[in-house]
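Novice: Structure incoming, see below.
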Amino acid sequence: MHIFNTRSGILVRLENGDYLFSGAEWNEFINRDQLREQILDDVTQMKPITDADNRIKQGLLAPIGRQEVWAAGVTYFRSREARMEEAEAAGGGDFYDRVYYAQRPELFFKATPSRVAGPGTEVYIRHDSTWDVPEPELTLMISSSGKIVGYTIGNDMSSRSIEGENPLYLPQAKSYERCAGLGPCIYVPEQPLSRDTEVSIGILRQGKTVFSGDITLAQMKRTPEELAGWLFRECEFPDGCLLMTGTGIVPNTDFTLQVGDEVKITIGNIGTLVNIVGKKK
Ligand code: DO4
Ligand code: MG
């Protein structure tokens with residue numbers, strides 16, 4: 001089951017057809033522990049629509065309402081390695097090694113809904129940054145009771161020059177206008193995503209691939225449930241929340257994003273999230 005947030009309403013794609021919940025409100029719709037079962041029940045009373053592709057193509061929004069976006073860090077060995085390297089000169093490398101092995105994960109606040117970029121729109125790099133990367137991340141939709149009810153694709157845009165200068169600059173490296181891409185939908189499978197689900201990324205510059213990479217969720221050091229559990233320890237989320245689970249793909253040190261680059265992230269059956277790199281106007 002794929003749930004799309006569109007300008008004409010909430011669109012649910014099932015194997016047997018597409019259904020439009022035109023009057024539904026996103027926050028109430030998505031924040032339900034029995035999301036899949038309740039939607040399957042609702043559609044028995046509905047007629048499928050025939051113009052779903054058009055509605056998705058022309059009016060697709062980020063799958064978010066009032067939810068906060070949080071992120072986990074250093075959940076893959078590759079992220080630990082890349083961060084240790086970038087922070088070495090500043091003497092901060094050791095922190096990344098310690099957090100990778102620690103019981104408590106790194107969790108940080110990533111974005112308010114207004115700082116999130118929807119599919120096909122611009123994600124930004126900062127004017128005061130010289131080294132920027134996208135981070136392709138499995139992103140959890142978690143209900144207000146702490147249950148993982150679905151998945152989407154997240155792009156945790158990051159300034160490596162700012163983060164590498166001093167780990168205390170992390171909030172500035174991570175949170176700014178259009179710092180997060182999310183979409184294209186919330187995927188609600190019958191069973192939790194399997195660990196062999198692939199995450200892949202391609203970065204295109206003037207139509208040519210300048211970076212690509214892939215990894216599977218099996219390389220993630222922590223489980224989605226573990227990360228959600230830590231986040232919900234001392235925080236309440238009345239509308240549920242979105243949690244990015246960290247990147248396992250980091251380009252080599254000589255790569256930085258440029259304005260105009262196209263970033264394409266695909267995760268298993270969720271779909272593909274495409275964003276264009278821009279800068280704050
Ligand atoms: O500690 C810095 C951020 C880590 C991160 O965003 C990641 O590993 O994905
Ligand atoms: Mg990240």
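The values are calculated or read from the model by the stated rules, or taken from the named source; none is laboratory data. Quick caveat: nothing in here was measured; it's all calculated off a predicted structure. We place every Cβ from the backbone using ideal geometry, glycine too, and count neighbours over all the protein chains shown.
Residues checked against (1) closer than 23 Å to GLU225 by Cα; (2) at pLDDT below 95; (3) out of contact with any helix residue (DSSP H, G or I) (no Cβ under 8 Å at 6 or more places or on another chain); (4) not hydrophobic (A, V, I, L, M, F, W, C):
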| position | (1), (2), (3), (4) |
| --- | --- |
| ARG104 | yes, no, no, yes |
| PHE108 | yes, no, no, no |
| ARG115 | no, no, yes, yes |
| VAL123 | no, no, yes, no |
| ARG126 | no, no, no, yes |
| ILE142 | yes, no, no, no |
| ILE148 | yes, no, no, no |
| TYR151 | yes, no, yes, yes |
| ASN155 | yes, no, yes, yes |
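Novice: Starting from residues that are within 15 Å of ligand 2 (Cβ to nearest atom) and closer than 21 Å to TYR176 by Cα, keep the ones in segment 67-78 and report whichever is surrounded by the fewest Cβ atoms within 10 Å (Cβ to Cβ).
Specialist: Pass one, segment 67-78, residues within 15 Å of ligand 2 (Cβ to nearest atom): 69-78.
Imposing the further condition that a residue be closer than 21 Å to TYR176 by Cα reduces the set to 69-74.
Values: VAL69: 24, TRP70: 22, ALA71: 28, ALA72: 28, GLY73: 26, VAL74: 26.
Step by step, filter segment 67-78, then rank; the result is TRP70.
Novice: Something else about it: Regarding ARG36, is this residue in a helix (DSSP H, G or I) and within 16 Å of ligand 2 (Cβ to nearest atom)? Before you say what the answer is, go through the steps one by one.
Specialist: Working: in a helix (DSSP H, G or I): yes; within 16 Å of ligand 2 (Cβ to nearest atom): no.
No.
Novice: Just to verify a result, which residue in segment 133-144, among those that are away from ligand 1 (no atom under 16 Å from the Cβ) and part of a loop (DSSP other than H, G, I, E, B), is surrounded by the most Cβ atoms within 10 Å (Cβ to Cβ)?
Specialist: Pass one, segment 133-144, residues away from ligand 1 (no atom under 16 Å from the Cβ): 141-144.
Next, only the ones that are part of a loop (DSSP other than H, G, I, E, B) stay: 143-144.
Values: SER143: 20, SER144: 17.
So, considering only residues that are away from ligand 1 (no atom under 16 Å from the Cβ) and part of a loop (DSSP other than H, G, I, E, B), the one surrounded by the most Cβ atoms within 10 Å (Cβ to Cβ) is SER143.
Novice: On to the next question. I need every pair where a residue in segment 64-80 that is of a type in the set (Ser, Thr, Tyr) and modelled with pLDDT under 95 has its Cβ under 7 Å from the Cβ of a residue that is assigned to a strand (DSSP E or B) and surrounded by 24 or more Cβ atoms within 10 Å (Cβ to Cβ), sequence separation at least 6 or different chains.
Specialist: Pairs found: SER79/GLY73.
Novice: Then there is this: So which of VAL210, VAL259 ends up being away from ligand 1 (no atom under 16 Å from the Cβ), assigned to a loop (DSSP other than H, G, I, E, B), more than 18 Å from the chain's Cα centre (by Cα) and at pLDDT 95 or above?
Specialist: Details: VAL210 fails: assigned to a loop (DSSP other than H, G, I, E, B).
Checking each option against the conditions leaves just VAL259.
Novice: Find all pairs meeting these conditions: Cβ atoms under 9 angstrom apart; at least six residues apart or on different chains; first residue within segment 156-170 and over 19 Å from VAL69 (Cβ atoms) and among the charged types (D, E, K, R); second residue part of a helix (DSSP H, G or I) and within 12 Å of ligand 2 (Cβ to nearest atom).
Specialist: ARG160/ALA82; ARG160/ARG83; ARG160/ALA173; GLU165/ALA173
Novice: What is the residue count in segment 108-132 for residues that are within 16 Å of LEU61 (Cα to Cα), in a loop (DSSP other than H, G, I, E, B) and among the hydroxyl-bearing types (Ser, Thr, Tyr)?
Specialist: Of the residues in segment 108-132, 2 are within 16 Å of LEU61 (Cα to Cα), in a loop (DSSP other than H, G, I, E, B) and among the hydroxyl-bearing types (Ser, Thr, Tyr).
Novice: From (1) away from ligand 1 (no atom under 16 Å from the Cβ); (2) without any contact (Cβ under 8 Å) to a residue 24 or more places away in the chain; (3) surrounded by 14 or more Cβ atoms within 10 Å (Cβ to Cβ), pick out the condition that doesn't hold for THR223.
Specialist: Of the numbered conditions (1) away from ligand 1 (no atom under 16 Å from the Cβ); (2) without any contact (Cβ under 8 Å) to a residue 24 or more places away in the chain; (3) surrounded by 14 or more Cβ atoms within 10 Å (Cβ to Cβ), the odd one out for THR223 is (1).
Novice: Kindly evaluate GLY150 against the criterion of being away from ligand 1 (no atom under 16 Å from the Cβ) and within 17 Å of GLY65 (Cα to Cα). Let's see the steps before the verdict.
Specialist: Numbers: away from ligand 1 (no atom under 16 Å from the Cβ): yes; within 17 Å of GLY65 (Cα to Cα): yes.
So GLY150 fits the description; yes.
Novice: If VAL250 satisfies every condition in (1) aliphatic (A, V, I, L, M); (2) farther than 22 Å from THR121 by Cβ; (3) more than 16 Å from the chain's Cα centre (by Cα); (4) assigned to a loop (DSSP other than H, G, I, E, B) but one, which is the exception?
Specialist: (3)
Novice: Note down all Cβ pairs under 7 Å where the first residue falls in segment 10-21 and is touching a residue at least 24 places away in the same chain (Cβ under 8 Å), the second is in a loop (DSSP other than H, G, I, E, B), and they're at least six residues apart or on different chains.
Specialist: Filtered contacts from segment 10-21: VAL12/MET1; LEU14/MET1; GLY17/PRO48; ASP18/PRO48; TYR19/MET46; TYR19/PRO48; LEU20/SER8.
Novice: Now, a different point. List the pairs whose first member sits in segment 131-147 and is in contact (Cβ under 8 Å) with a residue 24 or more places away in the chain and within 22 Å of SER158 (Cβ to Cβ), whose second member is basic (Lys, Arg) and outside any loop (DSSP other than H, G, I, E, B), and whose Cβ atoms are under 8 Å apart, counting only residues at least 6 apart or on separate chains?
Specialist: From segment 131-147, the pairs are TRP131/ARG160; ASP132/ARG160; VAL133/ARG160.
Novice: Considering only residues of segment 1-41 that are of a type in the set (S, T, N, Q), surrounded by 13 or more Cβ atoms within 10 Å (Cβ to Cβ) and touching a helix residue (DSSP H, G or I) at 6+ places or on another chain (Cβ under 9 Å), which is farthest from GLY120 (Cα to Cα)? Working first, answer last.
Specialist: Here is the first cut: in segment 1-41, the residues of a type in the set (S, T, N, Q) are 5-6, 8, 16, 22, 27, 31, 34, 38.
Subset that is surrounded by 13 or more Cβ atoms within 10 Å (Cβ to Cβ): 5-6, 8, 27, 31.
Cutting the leftovers down to touching a helix residue (DSSP H, G or I) at 6+ places or on another chain (Cβ under 9 Å) gives us 5-6, 8.
Values: ASN5: 14, THR6: 13, SER8: 17 Å.
Taking the candidates together, the pick is SER8.
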